[in-house]
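Working notes for the structure below.
Nothing in this text is a laboratory measurement; each read-out follows from the coordinates by a stated rule. This one's a predicted model, so the numbers in the text were calculated from it and none came from an experiment. Virtual Cβ from ideal backbone geometry, glycine too; neighbours counted across all protein chains shown.
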Amino acid sequence: MSVCCVRNVKIGEGKPKVCLPIVGQTREDILVQARSFQHFEYDLVEFRVDFYEDIFNQKNLLSLLKILREDIQQPLLFTYRSKREGGQIQLTDEQYLELVKMVCQSQLIDLIDIELMSGNALVYQLVEIAHQYGIYVILSNHDFEKTPQDIDMRQTLEHMEIMNGDIYKIAVMPQSYQDVIRVLNVTMEMSARLNQPIVTMAMGKLGMITRMTGELTGSSITFASAGKASAPGQMSVNDLQMILEAIHHD
C-alpha cells in the first residue's frame with residue numbers, strides 16, 4: 001500500500017490519521033467549530049458542506065472556504081454527502097459537478113470526497129477535475145442498512161482503484177459482531193492487496209472497534225467528534241487518541 005502525503009500528513013503510514021468533521025449550518029457556527037479544534041490533537045479536518053445553509057451561494061461558500069483555509073493548517077477535506085448516502089441534501093448531477101469544479105479550481109482544499117454511487121461517467125469526470133487542480137480524491141461508498149457480503153466489499157474497493165481514486169473509503173452498518181469481524185478481515189486483506197490507502201468502518205456502537213484498530217488492519221483514517229458527530233458511532237477525539245496511542249507500536 002502506498003502512502004498518500006498531504007501537507008506532510010502521511011496517510012497510510014503509522015497510526016490512522018484522525019479527522020474531525022465540521023457540521024455547522026451557519027457561517028458563524030462553522031467558524032466557531034473549526035476554531036475550537038485548536039484544543040484537540042488531530043490530523044485532518046472534514047468540511048461537510050451538505051450541512052451548510054448557503055451551499056448554493058458560490059460567493060459565500062468560497063469566502064467561507066478561504067477563512068477555513070487560513071485558520072486550518074492541517075489538510076482540509078471537502079465533502080458533500082448526498083441524502084442517499086446519509087447526508088443532508090440531494091444535489092443533481094449537474095449541481096454536484098459544478099460544486100466540485102468550483103472548489104477544486106479555488107485551490108482552497110487539499111482533498112475531496114466523491115461518492116462512488118454517482119455512477120462511473122460522473123465519477124470519472126469528477127476525479128479528472130480534482131486531479132487537474134492537484135486535489136487528492138477520496139472515493140467513498142456508504143451502506144446505512146447492512147454490511148454487504150465480503151465479495152461485494154472487495155469489489156467496491158477494487159472498483160475504486162479502477163476509477164483512479166487516491167484513497168478508498170467504505171462505511172457499512174453492522175447487524176452483528178460477525179459483521180464487524182468481516183469488515184476487519186476484509187480491511188486487512190484489501191489494504192495489503194490494493195496500491196492506495198483504504199479507509200473502512202462499521203458504523204454505530206456495534207462497530208466502534210473498527211474506528212480504533214486501523215493500525216492493525218490497515219484502515220488509514222478514522223473520524224472522531226469534537227462536539228457534534230457526523231456519523232453514528234463516532235467517538236470523542238480525546239478518547240480515540242488515547243486508545244490509538246495505546247495500540248500504537250514503533
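At-a-glance table
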read-out: Calculated over the chain: convex hull of Cα atoms, volume per residue (Å³); value: 112 Å³
read-out: Sites residue 161 and residue 26 - FRET efficiency at Förster radius 35 Å, r taken between beta-carbons, to 0.05; value: 0.35
read-out: Placed amide H near residue 235: partners under 5 Å, 5+ positions off or other chain; value: 225
read-out: Student exercise, the range 4-245 dipole from Lys, Arg, Asp, Glu Cβ charges, in Debye to nearest 20; value: 260 debye
read-out: Rounded FRET efficiency, nearest 0.05, which uses the C-beta distance separating residue 131 from residue 63 and R0 of 41 Å; value: 0.95
read-out: Order of 173, 242 under a 10 Å beta carbon neighbour criterion, fewest first; value: 242, 173
read-out: Gain on full stretching of the segment that runs from residue 193 to residue 152 - 0.36 nm per residue minus C-alpha separation; value: 13.2 nm
read-out: The chain: calculated mean residue ellipticity at 222 nm from DSSP helix runs of at least 4, using -39500 (n - 2.57); value: -12000 deg cm²/dmol
read-out: FRET efficiency, residue 70 to residue 245 (Cβ-Cβ, R0 35 Å, nearest 0.05); value: 0.70
read-out: Order of 152, 143 - criterion: other Cβ atoms within 10 Å of each residue's Cβ, fewest first; value: 152, 143
read-out: Solution diffusion estimate, µm²/s, Stokes-Einstein, the range 139-235, Kirkwood Rh from C-alpha pairs, 4 °C, viscosity 1.567 mPa s; value: 99 µm²/s
read-out: Nearest-20 debye value, the range 26-142 charge dipole, Cβ charges on Lys, Arg, Asp, Glu; value: 140 debye
